[in-house]
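Peer 1: Quick one: this structure, given as structure tokens, is what I'll be asking you about.
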Amino acid sequence: MKRISLLFLTLFALGQLPLAAQLKIKPVSGVYVGGHIRRERPKTITKLRESGFTYALLFNVHVCADGTLITDGDTICYNGEYVFDQTHPNYQEDIKNLKTAPTSIQRIEIVIGGWGNDSYDHIRDLINKNGTGSTTMLYKNFRALRKAVPEIDAVNNDDEHCYEVETGAKFHIMMYNLGYKTTLAPYTNKSYWQNLCTKIRASKPKAVDCVMVQCYDGGAANVNQVGSWTFTGVTERHAGLMYYSNDWNVDKNIEQFQKWKDDNVASGGFVWVYNSEEWDLNAWASGMNRVYGAVEVPEEEAMIEVYSGTNYTGYSVKLPVGTFSKGEMAVYGIKANDIESVKILKEGASVRLYKNTNNAGTNLPLKADRKSLSSSYKNLINSITVSYEDPVGINEVKSEGVNAEGVASEKRERSGKSEKSDDAVYDLSGRKINSQPKKGIYIENGKKIVKR
């Protein structure tokens, strides 16, 4: 069993170690979401938060000929005002909750377009007639949406009919100025999408941050052509599947995501569409997150390793110190009800395995490896808490404060000082410091100290 690094031990003892929720989560697993999210709320909101998907695409916002925004026949914004609360009073709070911890969702996009949708024809006509200035109805309605639902990060362009570069670019530049990034969702007409991206980025280089290649229905041939969808300056390219478009099971679909990753043609993936309860969101998302690495746990922070099989077989995932709900487990790549064995990687680390989804109630505490969980817990784990207790005396370090950079300055308590110890200070390489120590971590009387 490995001992944890001096820096890690010190920062943990001083309360400065980032918790799991503070590790960077990359939006690498997306799901399109239909009107089901509204019709069956609030259970659909809970399910998405626990799914493991790191971004959600709300399908869809339709732009009418006069610039009014609607979805499923209900008006969202009209005459520069948000009016969706009149028919869907819980919508704003629901979208806010999607990104409220504990949740797996890190990013939310609205979708404009789709097969048979003429939004971009209307956008073309509105811009050609009125432009994109702040007095136009197109601008006013999207500004009202931005103000009412600020949790929406981007607009997903799913134009499948209009394909007009000039007004398309002007629209997404306007949206960027309102605070929305752009993602592109092509399945055909490659030159159009490349020209559109180039035109947008010529004015706003950071506006387009991901290309999402459809590999289903009309884009089925893209399964073996994902790498050909190249866009200058856009490094994120995701490839998508439809959960019901083939006779593959979940594992077979995850194998396809893995192939795209191994071939270095996709940095993430997405699924069409959550519009019923017929499929297992958690199984798809956790597998996609394992493939694309939604979270990277530094080796020095890995405390435990969980396995999907007994005797440390199957897929495995390492976890740092932290509290992991069902959705947060899936972000790290752990499917719900799918743990059979556990390894403790660092001396002083321990874990509690819970049957429920939010780290409370009946649990199994472990401080040592377990090659096979008992039948009471095997394949029944839905949340995890990982802890660490200092095995080498760092808990004797007493905090004095934290500076502006978030680094604690400390002073060791002397009550346990040996008679043979001295006040000499050494750096972490064992070299004696003869002058006043500068900022950093040092050894004094065998203990770690931090100088501010």
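Peer 1: Compare the Cα positions of HIS36, SER276, TYR180 along the charge dipole of region 26-292 (+1 at Cβ of Lys, Arg; -1 at Cβ of Asp, Glu; about the Cα centre) and return the one farthest towards the positive end.
Peer 2: Comparing the listed Cα positions along the dipole, TYR180 ranks first.
Peer 1: Also: At a 10 Å Cβ-Cβ cut-off, how would you order PHE270, PHE53, PHE231, fewest neighbours first?
Peer 2: PHE231, PHE270, PHE53
Peer 1: I need LYS335, LYS378 ordered by Cβ neighbour count within 10 Å, fewest first. All intermediate terms of the calculation are to be shown ahead of the outcome.
Peer 2: Details: LYS335 25, LYS378 15.
The fewest-first ordering by Cβ neighbours comes to LYS378, LYS335.
Peer 1: Hey, another quick one. Which order do ARG39, ARG290, ARG237 fall in if you start with the one that has the fewest other Cβ atoms within 10 Å?
Peer 2: In order of increasing Cβ crowding within 10 Å: ARG39, ARG237, ARG290.
Peer 1: Return the whole-Å distance between the Cα centroid of region 296-339 and the Cα centroid of region 37-109.
Peer 2: A separation of 31 Å, based on Cα centres.
Peer 1: OK, next. Going by average Cβ neighbours within 10 Å, how do the peptides 125-131, 72-78 rank, with the highest at the top?
Peer 2: Packing order, densest peptide first, comes out as 72-78, 125-131.
Peer 1: Then there's this: How would you classify region 175-288 from its alpha-carbon gyration tensor, with a ≥ b ≥ c the square roots of the eigenvalues: rounded for a/c under 1.5, else prolate if a/b is greater than b/c, otherwise oblate?
Peer 2: On the way: a/c = 2.09, a/b = 1.70, b/c = 1.23.
Cα axes put region 175-288 in the prolate bin.
Peer 1: Can I ask one more? Return the Rg/Rh value of region 235-355, two decimal places, where both radii are evaluated on C-alpha atoms and Rh is the Kirkwood radius.
Peer 2: Radius of gyration relative to Kirkwood radius: 0.99.
Peer 1: When the C-alpha atoms of region 26-292 are aligned to their principal axes, what extent does each axis show, in angstrom, from largest down?
Peer 2: 50, 41, 29
Every number in this text was worked out from the coordinates using simple rules, so none of it is lab data. All values reported here derive from a predicted model rather than from experimental measurement. Cβ coordinates were reconstructed from backbone atoms using ideal geometry, including for glycine residues, and neighbour counts include every protein chain displayed.
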